[in-house]
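A short reminder: the numbers here are calculations on the coordinates, not readings from a lab. The structure displayed is predicted, hence computed values, not measured ones. Note that we place each Cβ from the backbone using ideal geometry, even for glycine, and neighbour counts take in every protein chain shown.
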């Protein structure tokens, strides 16, 4: 066991914390050393994440081991920076932040963060000590646009996306009340979702002259897991050229697949995959993308980044059986 | 308009309050005079019950008219008695309590309550000044057993029921969080649901020697509206005799129907109906019953009781289009 | 009863047929004379539309009365024209076709059809003898754009819409299998939905110089009833000017409401309403619209058209209790 | 790779076939040699089981290798016996039949089948050459009753269970139409589910004098995966004695856990676990059990049986990440 990566989780009682626990418990190269939670201290993990019944006897702790190899920060947005200011890990401890504190280039003393989208910059991630893990909608939208931006072909984007309720977190709120959300659809943060900044940052890094807008309307869906986005952009290229462009771009990336048939959300639920499908009418290209917001959109991508940082095969511990139905 | 029944609602911001509003707004013989709510005072009804957009310009009030003809109490269980102690209506004002305060024979000075299950005692309801409206599971289970008890044939009952999330009310709680309840099933209050007392009271009134148990397991369902119950009882009678017994019993009751084919929950959702279906193997009779917990299980039955108390046709304002799907 | 409108339904076994039955059975000015269905001839209506248990003793017929006042054609797309060619009604019998055969100006000998969108041309409908009832997505999208087109302000449209499974009809198919559709999202007919033609026809009638595209991506939703569409268009007008424009346009229309707060799908499910809500960022206007695909999107609008054609109050029989949850 | 178990699947296009593929593809000790399907011959697996996009380039075949180490029969009930009569495998090839042909002691020339419920008879399974894999409801109900029957304490059982739509298979039928099943509950095969025979066979093997009935009412649930059963039995033992009895019985079984808190269905969805929870009022014991019908109720248990037959650790390839939400 000496060679295992010693990993800890800060904020392990929430949805991304729980999902990270689920992945790390069965990861062949990881020893889950601690799962910190102030609100649930002393309880067994399975008392909060009740699906873990029979899987582990770990308990939530308030204190934690600062000598671990890697720490996953699974806190509310805005809390990671505060936490790292008040708590110091060993300098060689790698940090993977699932919040949004460091995605736009912010740093703290001694730690610079690399934006952890492997399809954008896998090599940088391999060399990184600290990762800012992308947002769920940000990942979905970017994976639909990266090849175009890389080729300098991206214009104005009109995107609509729908997300499962787990994207809204564990906190009780009116929009996650079952009686309201079941069988319902609604829009929120129309044209001003907070992920637009990190999307814009990426697009401009690939296509420096990109001045257009990503017009994005997020919808709340009446399901629990998954994100589906359809984006419209103009393109003079033919559908087969575009399929080639996308296939080439993703050919070495094990989780993102360009599908030649129509896709649906449940193809990816409970997996770390992202599926991309292109359709074209006239000069309008439509890019459909789908992923699981808690996996490729959060904890799965975090573990993928960990694998890259520690020199493991990228897919280790992430070949997950889909729910399928 | 002088001849209209002037009706008010106390506690109009919750689920049963909202459903009572929906019914009374379109009731041809009712003028909805006030909808009281302490928590939502001053807001338009459609700000809370947002489906009422375009239907009414009424606002929630904190004060209310004590001279109305009928008041619906749509408060949390235990609050009706307190409210009626602190507030006095005109002596001729009829009270319909949707809570559970008066179902077991309790009264307050000047007001005795009649248990408002029309299929049990329509004539008493017609003469009543105050009604204790039955519980939702209580209505469903009783409508499956009344004919047997009336005939003195009821033995021990083994019942399982499933209810929609609206049965748990508007309050945010872990068991109504969408991420938890979607696609989920769970049991609660196993063999000790609070409605067992009113069920037992009714059964003993019909079959005085009834000493057996109603063993009832309630489940939380992953839908919003409706209750479905399957009850097993022993019976030596043939299925056709039993169907005759039930059909005769309900022949004059406009909302409860004995179906000769299998039933499903959505046949009754958004209606005031209760469907009953019988099956038999050996000496075991299974009675399936289904209704909408907010209508025949609450507000619809309350309006049905109002119709009876005021000498109206029992179905007035209650011929509702089902959702069907 | 002599003064009642005598109405018949051709193709009464499908979803829009059943919904039309539900509405007409309780319509105060209508006598439902026959419900024709070749596939279900001889069965009670409630054997097919099982929610009608206890509501009617009508049976499906194969023959039908050609002397009725109005006939609703609820057949598959393409079958209405064939049917009217092979069957002749009394010349004064009004026809309301819920299919798509006559929406684009087609006629048959002796019968010209008026496009039945009351918010577009209520006066023409009042004078019409035959109505081509609009499509469900077509109604939703048009009600979001009519005021802009009327004002000559409409540019290119980017719309995404999501529809319930009842929009796909009763026929068993892979995309309506519960195991597939539950918790799923998928796109179909991307940029080439068949309703685009009738939308375009309307927009050009209001804004003759309209040369832009309506880029529309339809999604299949994991719910049964309802349509929600978000459309992006450019506009130099302020949000308050636009709200005024829309409110003025719909001020005399009883079913379409401009909401000043965010809307959600379930506000309209099981009603004949359409809700419209506007949001604006920069020069991008987003119009959200929601309606029930079987009511305002089909059978409800058909009955609304009947009311107008027969000089009744437009809302007669259409003040429906929403499902709400 | 020489040491891997060479496995094939007959009938790989259905739900249990697909789920077996998902498990075997990632099983560390298995090489999936062929996936036979007459209806889908020549297609890639991911054209039918679309979640497999990117996971495998295998195609469905009509012919198959008769020299494999183990064959999973994933055919419709009644077809396995016919298939084995018409097709002969190497005598050392082990057969695991997921259908119901051999559960009640039937055999064919040269092959006797052991009932594959590890919690009942793990040692027999280890020695078996052919396995009759139990039914989904049969597994759920038995795992709730085995400890009582083993102790000779079982009396009459009153059980209600609810199952996901995948239990009804892939075939299009009215009861799996999304528009019907969504938000719906219905009973079927009341008191005469076909799994009662194998349940009875097991109970009598453990408690030879068992003469009582298992009165079982199955319900169709409005979700895709999972089974939840609540069973009522009489018991004079205390709850703590019963918890001890159950915990002792399952202490060496890695997938069946006795939970000391209330359980819900989603704790086990997408896992091979079964959870059991006991409650008691008076002399009535209620046993709640939950499992995933496609895993512990079908393909997962089949792979568990394969592990036992080949001397592998019982949990190999079956430590699955739950869907959780």
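If a/c stays under 1.5 just call it rounded; otherwise compare a/b with b/c (prolate if a/b is bigger, oblate if not). Do that for the range B:175-325, with a ≥ b ≥ c from the square roots of the Cα gyration tensor eigenvalues. Note, shape of the range B:175-325 comes out rounded.
Arranged from fewest to most other beta-carbon atoms within 10 Å of their beta carbon, B:19, B:31 become B:31, B:19. For the Cα trace of the protein assembly as shown, dividing Rg by the Kirkwood Rh returns an Rg/Rh value of 0.96. Using the Cβ-Cβ distance between residue C:109 and residue A:260 with R0 set to 35 Å, the FRET efficiency from 1/(1 + (r/R0)^6) comes to roughly 0.15. Rg/Rh for the range D:11-76 stands at 0.91; both radii use Cα atoms, and Rh follows the Kirkwood definition. Of all chain D C-beta atoms, the nearest to the rotation axis linking D with A is recorded, alongside its rounded Å distance, as D:323, 2. Sorted from closest to farthest, the other copies place their residue D:67 label points 5.5, 8.3, 10.0 nm away, with each point set 7 Å from Cα along Cα→Cβ.
Per-residue shielding of B:210-218, expressed as the average number of other chain Cβ atoms within 10 Å of the residue Cβ, stands at 2. Highest mean first, the peptides C:291-300, B:261-270, A:134-143, C:7-16 sorted by other C-beta atoms within 10 Å per residue fall in the order C:291-300, A:134-143, C:7-16, B:261-270. Model label sites at residue B:123 and residue C:31, defined 7 Å from Cα along the beta-carbon direction, differ in position by 3.7 nm. DSSP beta bridges confined to chain B are antiparallel in about 45 percent of cases.
Principal-axis analysis of the Cα atoms of chain D puts helix D:15-25 at an angle of about 70° to the longest axis.
Sorted from shortest to longest, the distances between the residue A:123 label points of this copy and the other copies are 6.2, 7.1, 9.3 nm, with each point 7 Å from Cα along the line through the beta carbon.
For the peptide A:186-192, the mean number of other protein chain Cβ atoms found within 10 angstrom of a residue's Cβ is 6.
Beta bridges per DSSP, both residues in the range B:136-291: antiparallel share near 70 percent. Neighbour counts of C-beta atoms inside 10 Å place A:21, C:71 in the sequence A:21, C:71, starting with the fewest. Shape of the range B:193-251 from the C-alpha gyration tensor: oblate (a/c of 1.5 or more and a/b not above b/c, with a ≥ b ≥ c the square roots of its eigenvalues). Beta bridges from DSSP with both residues in the range C:1-137: antiparallel share about 10 percent, rounded to the nearest 5.
Against chain A, whose longest principal axis is taken from its Cα atoms, helix A:196-206 shows a tilt of about 70°. For the range B:10-63 versus the range A:126-146, the spacing of their alpha-carbon centroids is 47 Å. Our estimate of slack between residue D:79 and residue D:175, defined as 0.36 nm per intervening residue step minus the Cα-Cα distance, is 32.3 nm. Angle between the Cα long axis of helix A:239-250 and the longest principal axis of chain A, 0 to 90 degrees, nearest 10? In chain A, helix A:239-250 runs at an angle near 20 degrees to the longest axis.
The mean count of C-beta atoms from other chains within 10 Å of the C-beta of residues in D:159-168, rounded to a whole number, is 4. For the range A:125-221, just say rounded, prolate or oblate: build the C-alpha gyration tensor, square-root its eigenvalues into a ≥ b ≥ c, call rounded for a/c under 1.5, and beyond that prolate if a/b exceeds b/c, oblate if not. Note, shape of the range A:125-221 comes out oblate.
For residue B:254, the label point sits 7 Å beyond Cα toward Cβ; its separations from the matching points on the remaining copies run 2.3, 6.4, 6.8 nm, from shortest to longest.
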